[in-house]
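Single-structure report; data block below.
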Amino acid sequence: MILDTIMSIVNTNEYTRAGIIFFVLFIFLRIVLYVAEKVMLKLTRKTKTDIDDIILKKSSMPLTFLSLLISIYFALKGITFSEAITSNLNNVLYTLLAVNIGYLFFVIVDNSLIRLWKKFAEKTESDLDDTIGSLVHEVLRITLIVIILIIILKIWGVEITPLLAGLGIAGLAVALALQPLMTNVFSGIALIMDGAFKVGDVIKVGTVMGTVHTIGLRTTRIKTFDNEIVIIPNTQVANSEIQNFFLPDKSIRVNLEFGVAYGVDPEYIKKIVIEEIGKIKFINKEEEIRVLFTEMADSAINFKAMFWVDDISKKWPAHQEAITRVYRRFYSENIEIPYPQSTVWIRDEGKAKSLSPSDKKFSSHNTKLYPAFGHTYKEEEKEKPVVKKDKNILNRFKKSDGKEEGKK
């Protein structure tokens, strides 16, 4: 009785019949896909490569959407529409089907080709093939989009030949509009072929410094040391000065500039600085540590220490440890690190007096011991400047003083 009622409803109401067809067919297709995925998963686990596992995992969503489109298509077959509505519904379904199949094809080809390319690149010594992988990915994506667009135009009955002829008329305008894009594309190809840098290199372009994240057809992405992604158009990169810290190799020099007070033996300073820098564990021991006496400045004698590390990631830690060790060594040996100072002379009635921080430390009777190389330094007493007195000026001051007293 109930079954007869259900069958009568199904036979009389086409929308109910379409809904039942959609529901039953979609559930059936999902069960088939689920069983097929389980069987394929067992087979892929036996293989040595992981490409099939990734393709199987990423194909699940487009295959589910494909089963949904098939269910909708057969469900709508049971409903009577006008010819125009039927044509439009079919075109919509075919369009969605083309996009879905195109995406499924892209997932399979992209994952298989890119991963095979990466494995090939790992076996080669050249770094160029590592960078070409991202370029192949972009070209494949753009090519697939163009093919899908052509298929969709065919589905909707748009003639390609007249369209191309029409594009010929507006070709100049389109070319001008696409000029910046094409400039970036060709600049990206030129950067890759030139080998100025590759993915993973640490570079500096203008004021941006970081690791090359990706090199695309239009832009280059740089990951800064602040964990930020900076996107730069390839034209700007190609026209800028590029500083690559990984070429010709990853080693980089660390510079440390410092100054000490006058009176210390420069050779002794070089010796102890080389000793302290040599204690840093992660510097390049094969390269010579050099300390240069660079300048006799107003307040200090200046030096420059130079040593090497294996790559730029060790540059700042090495610099910090070096400057800390040198400072502690200077402090322990009482080697003075001076600060800029000046001497002011005040003239008072022909007497010259020096106001200087060094007056209390040095005089004709004071000496200072420099422990760096064990001798005393005695500052010579400087000749005081002679001021000539003008008697006429003094007489004028005396007269003016007398007048002031008379007034009081």
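The values are calculated or read from the model by the stated rules, or taken from the named source; none is laboratory data. Here the structure is a predicted model, which means the values were calculated and not measured. Please note: Cβ atoms are built from the backbone with ideal geometry, for glycine as well, and neighbour counts cover all protein chains shown.
Might you let me know whether region 122-135 holds any residue that is basic (Lys, Arg), assigned to a helix (DSSP H, G or I) and at pLDDT 75 or above?
no
Does region 285-308 contain at least one residue that is among the polar types (S, T, N, Q), on the phi > 0 side of the Ramachandran plot and not assigned by TED's automatic domain parsing to the domain that holds Asn184?
no
Filter region 71-81 down to residues that are surrounded by fewer than 16 Cβ atoms within 10 Å (Cβ to Cβ) and assigned to a helix (DSSP H, G or I) and give me whichever is modelled with the highest pLDDT.
Phe74
Within the bounds of region 268-284, is there any residue that is hydrophobic (A, V, I, L, M, F, W, C), out of contact with any Leu (no Cβ under 6 Å at 6 or more places or on another chain) and assigned to a strand (DSSP E or B)?
Yes, region 268-284 contains at least one residue that is hydrophobic (A, V, I, L, M, F, W, C), out of contact with any Leu (no Cβ under 6 Å at 6 or more places or on another chain) and assigned to a strand (DSSP E or B).
Quick one: what pairs do we get from region 324-348, first residue modelled with pLDDT of 95 or more, second surrounded by 10 or more Cβ atoms within 10 Å (Cβ to Cβ) and among the basic types (Lys, Arg), C-beta under 7 Å, 6+ apart or different chains?
That search, which allows pairs on different chains as well, returns Arg325/Lys279.
Closer than 30 Å to Gly195 by Cα and either at pLDDT 95 or above or of a type in the set (S, T, N, Q) (or both), is that true of Thr235?
Working: closer than 30 Å to Gly195 by Cα: yes; either at pLDDT 95 or above or of a type in the set (S, T, N, Q) (or both): yes.
Answer is yes for this residue.
Here is a check on your reading of the model: is Leu89 part of a helix (DSSP H, G or I) and either outside the structural domain of Leu153 (by TED's automatic domain parsing) or in contact (Cβ under 8 Å) with a residue 24 or more places away in the chain (or both)?
no
Between residues in region 301-316 that are within 25 Å of Met209 (Cα to Cα) and residues that are at pLDDT below 95 and aromatic (Phe, Trp, Tyr), which pairs lie under 6 Å by C-beta distance while being six or more apart or on different chains?
If the second residue must be at pLDDT below 95 and aromatic (Phe, Trp, Tyr), the pairs left are Ile312/Phe245; Lys314/Phe282.
Return yes when Leu217 is modelled with pLDDT under 80, surrounded by 15 or more Cβ atoms within 10 Å (Cβ to Cβ) and not assigned by TED's automatic domain parsing to the domain that holds Ile142 and no when it is not.
Answer is yes for this residue.
Are any residues in region 218-241 outside any strand (DSSP E or B) and not β-branched (Val, Ile, Thr), and if so, which ones? Talk me through it step by step, then tell me what you get.
Taking region 218-241 first, the residues outside any strand (DSSP E or B) are 218, 225-228, 234-241.
Passing the criteria: Arg218, Phe225, Asp226, Asn227, Glu228, Asn234, Gln236, Ala238, Asn239, Ser240, Glu241.
Does at least one position in region 56-65 carry a residue that is over 24 Å from Val107 (Cβ atoms) and modelled with pLDDT of 85 or more?
no
Out of the residues in region 244-267 that are in a loop (DSSP other than H, G, I, E, B) and free of Cβ contacts under 8 Å to residues at least 24 places away in the same chain, state the one that is farthest from Ala322 (Cα to Cα).
Among them, the one singled out is Pro248.
For Ala84, indicate whether it is surrounded by 12 or more Cβ atoms within 10 Å (Cβ to Cβ), in the same structural domain as Leu140 (by TED's automatic domain parsing) and without any contact (Cβ under 8 Å) to a residue 12 or more places away in the chain.
No; evaluated as a whole, the condition is false for this residue.
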